[in-house]
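Accompanying notes for the structure given below.
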Amino acid sequence: MVLKEFKIRSYECQFDRAQVEDLERRCKVAEMDNELVGVIQGSIKTVTLHNHHPNKDMAKVGYVLGLRVSPHNRKKGIGSSLVQKLEEWFTSNDVDYAYMATEKENHASINLFMNKFGYIKFRTPSILINPVNHHPFGISSNIEIARIKVEKAESLYRGFMGASTEFFPSDIENILTNNLSLGTWVAYFKGDSGFGNLEGKVPNSWAMLSVWNCGEIFKLRLGKTPLSCMLFTKSLSLMNRIFPCLKLPTLPNFFSPFGFYFIYGVYQEGPFSGKLVRALCKFVHNMASKTEHCKIIVTEVGERDHELIHHVPHWKLFSCPDLWCIKALKKNGRTNRFHELTNTPPRGLFVDPREV
């Protein structure tokens, strides 16, 4: 069999957007349109990695995402060539580490990055997914929830997460002011001291999160679904019609394109802050239930933040583990630091919504 030659070039939005979107859809089925056969995306930013050495806790990282090769053109070296070109771009921009995230069961991706390109397992966060239904969640009248200004949110994030959270972005203000960021909310108990000026004290127990509207940039849709999931969905729907007073949770229609909200920057502090996190998540659910196309709410929690899993509403049926792998791109003088980084127990993890 004669393999056709392929070339790798930069993405041109005006000419490539439609084909890339089509390729994203076709990567799930055995179809091929002999035009665009592969695509990869990457981003560069400066983040906090660890604080064992205060003067060396910032690093420039490159994130590998969106690697797609059309089914008919796989196993021809296209994916490897795309990854290699992206790493070369990272290196030319003085990136310290490259990292990627994939599902734990995506063996093809894991083999490509770990076996061929030398990435190693780094972190295993959990992706938590909660369906949006038409029944609003009740929130305790003893809890105050308030939206805060971007300047206040930036101050709180830098003050409480900036030095202690892995992958905290140095440009957090750009995330908070992005059009896709719907805002930042804090929760605390009524009667407790509220949030004053930027340098003021915080309540004894409080929590904070921000919301990103992923539905504005792309939509999801389920193709095939397990029979058990389908029967469960239909049973809930039937019970809800027969006994509406029970207010049973219902599953949205996932077979038509839908959007979702991504909760990021979740932080809690204080002995009763878990209740406040749950209240904030309920608030986001109620906000999402008022929109037409938002069908699920997603967040990602690091290993160190395992307590959050108990406070963030989610369905185990849809939630899944994630796998982050990392690779050092600079060899000189950084071997010890990379070894320390990859062998350090996990800390709090900041998941950048721009990379979802």
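The values are calculated or read from the model by the stated rules, or taken from the named source; none is laboratory data. If you're wondering where the values come from, they're calculated on a predicted model, not measured in any experiment. Because the Cβ atoms are built from the backbone with ideal geometry, glycine has one as well, and the counts that use them run over all protein chains shown. Just so you know, the surface numbers come from the protein's heavy atoms only, side chains and all, with ligands and any DNA or RNA stripped out. Shrake-Rupley method; radii C 1.70, N 1.55, O 1.52, S 1.80 Å.
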Nearest-20 debye value, region 92-219 charge dipole, Cβ charges on Lys, Arg, Asp, Glu: 320 debye
Most positive-pole-ward Cα, THR184, ILE145, SER164, against dipole of region 135-196 from beta carbon charges: ILE145
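Loop only by DSSP, 12 or fewer other Cβ within 10 Å of the Cβ. Give me the GluC sites (Glu not before Pro) in region 269-350 that pass, ordered by residue number. Don't skip to the end; give the middle numbers.
Details: sites: GLU269, GLU292, GLU300, GLU303, GLU307, GLU340; in loops: GLU292.
Passing both the DSSP loop test and the Cβ count: GLU292.
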Between region 74-140 and region 282-298, the Cα center-to-center distance that results, in Å: 26 Å
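So what is the accessible area of region 114-196 per residue, in Å², with the probe set to 1.4 Å? Display every interim value, and only then the final one.
Details: 3830 Å² over 83 residues.
Solvent-accessible surface per residue comes out at 46 Å².
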Surface share of carbon and sulfur [accessible, 1.4 angstrom probe, percent] for region 93-159: 49 percent
